[in-house]
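Data block below; observations after.
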Amino acid sequence: MRVQVKTFGALTDILEKEFYITVVDTEELLAVLSSQHTTLNHRRLLIAVNNTIINKPVVLQENDVVALMPPYSGG
Amino acid sequence: MRVQVKTFGALTDILEKEFYITVVDTEELLAVLSSQHTTLNHRRLLIAVNNTIINKPVVLQENDVVALMPPYSGG
Amino acid sequence: MTKQKNDIFIQGPIPPEQIAATIAMHGSKSEIGAHSIFLGQIRADQVDGKTVRSIDYSINRELALVKMTEIREAVFDKYPLTCMHVYHSEGPVQVGEICFFVFTSSAHRRAAMDACGELVERIKKEMPIWGKEIFEDDTHQWKTNR
Amino acid sequence: MTKQKNDIFIQGPIPPEQIAATIAMHGSKSEIGAHSIFLGQIRADQVDGKTVRSIDYSINRELALVKMTEIREAVFDKYPLTCMHVYHSEGPVQVGEICFFVFTSSAHRRAAMDACGELVERIKKEMPIWGKEIFEDDTHQWKTNR
């Protein structure tokens, strides 16, 4: 499925802020990105699909929006 | 000894705000005032002599300043 | 460090502009990361069908200054604070107005927040201040703190 | 009650005048007895001999609004609050400027103070906001919260 990926915080130093990619699920998404950018390995990431944080891999639907986020540092 | 007495809070509804009285110690001071103003009995009072809170009766010196204070209610 | 024994009493209500000025004043201090503020405001309490219109605060000023110095030093010793400001109203303060202002600053949030809370509790409990609640019909009763 | 899902993000620093206005605005509410306020300010931290000059905040706005609604409702349910206001900066904020403002009001002090503390902790932990620390030589590092 073709999904939109948005990146935040330190990830924007490595990846584009917004891009489209075609993957089956979040696991494949992370695998693809990690193979292209080795600095992504071992990074703690929070993932939200359509503004809901996920705690395990989920299958993606066409036009889903996936947010890849490093640990928060507001305040 | 002739001492100055200052009263605060609800006590100012019963006693003068400032007056002079001749007594030996704080115990006699309270006894004299309670006999004149029965509403003073059973009231919880804080007493300061020359701006130091006392927890037991003390002998008074000439010109001491005795503050008679009900429980605090600032803030 | 503002440890000097300054006067903490304000005649009447504490104006919001003074609170803003106190905050703005600390912008130049580059080691501060957190400010904690407490404001006490006069509430229109109901007592036996009557409504509080104002509180008239009286203070044993001499004892209060001794006590405030003691509290200020104890709190500065206990927490790594950059600044501490305390103001309390003296005289009448109307419903909706501010009568009590505590302001603490520190590098990290925990010290400012804990110190602010401790100051509020200690000042209410240990400062010789009395509030006379004036009702709308001009009768009064003396406030008691919980 | 101000429970509406209003925008909490301010472009750049939060001006002291806005803080004063928020306080002054509540003078009309006669049921309020206590306000608790937390302010986060940009600190000139030293990292490997370099000094932080500003923090540039970026936010996942869509997720942040979902999260803020969740936090706001949980805190209103837990504490008897009259009001709650939260503002956080987006974009660059210089050393000494305010980037985070939490304001709670209640009849009695405990609710306002506890709710304010809980909001500060939850927002730092749960809101998708990132701070990019800009050093005086224009290099940067991404802030990590303790």
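Since every read-out is calculated from the coordinates, none of them should be taken as a lab result. Bear in mind that the values here come from a model prediction, so they are computed numbers and not experimental data. Quick reminder, even Gly has a Cβ in these numbers, built from the backbone with ideal geometry, and neighbours come from all protein chains shown.
Scan A:Arg44, A:Arg2 and give me the residue that is closer than 24 Å to D:Lys124 by Cα, of a type outside the set (Phe, Trp, Tyr) and surrounded by fewer than 16 Cβ atoms within 10 Å (Cβ to Cβ).
Numbers: A:Arg2 fails: closer than 24 Å to D:Lys124 by Cα.
Exactly one residue qualifies, and that residue is A:Arg44.
Apart from one condition, C:Phe103 fits all of (1) within 14 Å of chain B (Cβ to nearest Cβ); (2) of a type outside the set (Ser, Thr, Tyr); (3) buried (at least 21 other Cβ atoms within 10 Å of the Cβ); the exception is (1).
I'd like to know if the range C:13-32 contains one or more residues that are of a type outside the set (Gly, Ala, Ser), part of a helix (DSSP H, G or I) and free of Cβ contacts under 8 Å to residues at least 12 places away in the same chain. Walk me through how you get there before you give the answer.
Here is the first cut: in the range C:13-32, the residues of a type outside the set (Gly, Ala, Ser) are C:13-19, C:22-23, C:25-26, C:29, C:31-32.
Applying the additional criterion that residues be part of a helix (DSSP H, G or I) yields C:16-19, C:22-23, C:25-26.
Now narrow it down to the ones that are free of Cβ contacts under 8 Å to residues at least 12 places away in the same chain: C:17, C:25.
Yes - at least one qualifying residue is present in the range C:13-32.
Out of all the residues in the range A:55-63, is one or more surrounded by 15 or more Cβ atoms within 10 Å (Cβ to Cβ) and over 30 Å from D:Gly12 (Cα atoms)? Steps first, answer last, please.
Filtering the range A:55-63 down to residues surrounded by 15 or more Cβ atoms within 10 Å (Cβ to Cβ) leaves A:58, A:60.
Those still in the list that are over 30 Å from D:Gly12 (Cα atoms) too: A:58, A:60.
Yes, the range A:55-63 contains a residue that is surrounded by 15 or more Cβ atoms within 10 Å (Cβ to Cβ) and over 30 Å from D:Gly12 (Cα atoms).
The one condition from (1) farther than 29 Å from D:Glu90 by Cα; (2) over 11 Å from the mean Cα position of the chain (by Cα); (3) small (Gly, Ala, Ser) that A:Gly9 does not meet is (1). Of all residues in the range A:7-17, those being farther than 12 Å from A:Leu46 by Cβ, outside any helix (DSSP H, G or I) and not hydrophobic (A, V, I, L, M, F, W, C) number 2. Considered as a group, the residues in the range A:52-71 that are within 10 Å of chain D (Cβ to nearest Cβ) and free of Cβ contacts under 8 Å to residues at least 12 places away in the same chain include one that is nearest to D:Val66 (Cα to Cα), and that residue is A:Thr52. Considering only residues in the range A:18-41 that are touching a strand residue (DSSP E or B) at 6+ places or on another chain (Cβ under 7 Å) and either loosely packed, with under 13 Cβ neighbours inside 10 Å or part of a strand (DSSP E or B) (or both), the one that is nearest to the other protein chains (Cβ to nearest Cβ) turns out to be A:Glu18. One residue alone among A:Val58, A:Val65 is among the β-branched types (Val, Ile, Thr) and more than 10 Å from the chain's Cα centre (by Cα), and that residue is A:Val58.
What's the number of the only condition in (1) surrounded by fewer than 20 Cβ atoms within 10 Å (Cβ to Cβ); (2) more than 8 Å from chain D (Cβ to nearest Cβ) that C:Glu31 fails to meet? Just one mismatch for C:Glu31, condition (2). Select from the range C:106-132 the residues that are facing another protein chain (nearest Cβ under 9 Å) and outside any helix (DSSP H, G or I) and write down the one among them that is farthest from C:His26 (Cα to Cα). The residue in question is C:Lys132. Output yes when any residue across the range D:39-61 is in contact with a helix residue (DSSP H, G or I) (Cβ under 6 Å, 6 or more places away or on another chain), under 20 Å from D:Val120 (Cβ atoms) and surrounded by 19 or more Cβ atoms within 10 Å (Cβ to Cβ), and no when none is. Within the range D:39-61, none of the residues are in contact with a helix residue (DSSP H, G or I) (Cβ under 6 Å, 6 or more places away or on another chain), under 20 Å from D:Val120 (Cβ atoms) and surrounded by 19 or more Cβ atoms within 10 Å (Cβ to Cβ). Among the residues of the range A:33-51, those identified as in contact (Cβ under 8 Å) with a residue 12 or more places away in the chain and either of a type in the set (A, V, I, L, M) or over 30 Å from D:Cys99 (Cα atoms) (or both) are A:Leu33, A:His37, A:Thr39, A:Leu40, A:Leu45, A:Leu46, A:Ile47, A:Ala48, A:Val49.
Counting only residues that are farther than 11 Å from B:Val3 by Cβ and among the charged types (D, E, K, R), the range B:18-35 holds 2 of them. If you go through the range D:51-87 and keep only what is within 26 Å of D:Ile134 (Cα to Cα), more than 14 Å from chain C (Cβ to nearest Cβ), outside any helix (DSSP H, G or I) and not β-branched (Val, Ile, Thr), you end up with D:Asp56, D:Tyr57, D:Ser58, D:Asn60.
Every condition in (1) assigned to a strand (DSSP E or B); (2) without any contact (Cβ under 8 Å) to a residue 12 or more places away in the chain holds for C:Pro92 except the one numbered (2).
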